[in-house]
Amino acid sequence: MTDSKEVVQVGIFDKLRRRPKAGVTRTATSKDTDHLVAWAQSRRGVEAYVEPRTNVTHTTVVLIASDGEWTRRRIDDEDAARSFGKKHSIPVYDAGIVGYPQRMRDYTRRKAEEDKRRGSSGS
């Protein structure tokens, strides 16, 4: 009996070159949910803002902490977002109706200013 081994050459950048099919969006995974749970548990005053599915993206939920820090992840659908909120005692809002809180915009602006300062301070 002989051992025959097939040799397959794999380019170092092949994975980066693979592109998803046009018009196909990635659905939510357990990694998305795990991230949302961990993020919410490590911050205070978290609220959830559901963003509806579009032609380009799947349904997403944005969690926003009391200081304006935020994270966005895919979620199965609006019902899943509401169930997530109920399970974790997080109020859930429809971003298309109520918009986003000012503290989120303020946080994003502050982070951009900090990043700009860090980038220009090394020159």
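The values are calculated or read from the model by the stated rules, or taken from the named source; none is laboratory data. Keep in mind that this is a model prediction, so the values were computed, not measured. Using ideal geometry, Cβ is built from the backbone for each residue, glycine included, and neighbour counts are taken over all protein chains shown.
Some notes on this structure:
- Residue within region 92-114 that is charged (D, E, K, R), within 24 Å of T33 (Cβ to Cβ) and at pLDDT 95 or above present: yes
- Hits in region 27-51 - residues which are at pLDDT 95 or above, surrounded by fewer than 17 Cβ atoms within 10 Å (Cβ to Cβ) and part of a loop (DSSP other than H, G, I, E, B): S42, R43, R44, G45
- Pairs where the first residue, in region 73-94, is among the aromatic types (F, W, Y) and the second is part of a helix (DSSP H, G or I), C-beta under 9 Å, 6+ apart: F84/T33; F84/L36; F84/V37; F84/A40
- Of everything in region 62-109 that is in a helix (DSSP H, G or I) and among the β-branched types (V, I, T), the residue that is nearest to the chain's Cα centre (by Cα) is T108.
- Residue pairs whose Cβ atoms lie under 6 Å apart, separated by 6 or more positions or on different chains, with the first residue in region 53-68 and under 14 Å from D94 (Cα atoms) and the second of a type in the set (S, T, Y) and assigned to a strand (DSSP E or B), are V62/Y49; L63/T71.
- Test: residue in region 83-90 that is exposed (fewer than 11 other Cβ atoms within 10 Å of the Cβ) and either modelled with pLDDT of 95 or more or touching a helix residue (DSSP H, G or I) at 6+ places or on another chain (Cβ under 8 Å) (or both): yes
- Region 52-61, residues that are outside any loop (DSSP other than H, G, I, E, B) and either of a type in the set (K, R) or out of contact with any helix residue (DSSP H, G or I) (no Cβ under 6 Å at 6 or more places or on another chain) (or both): T60
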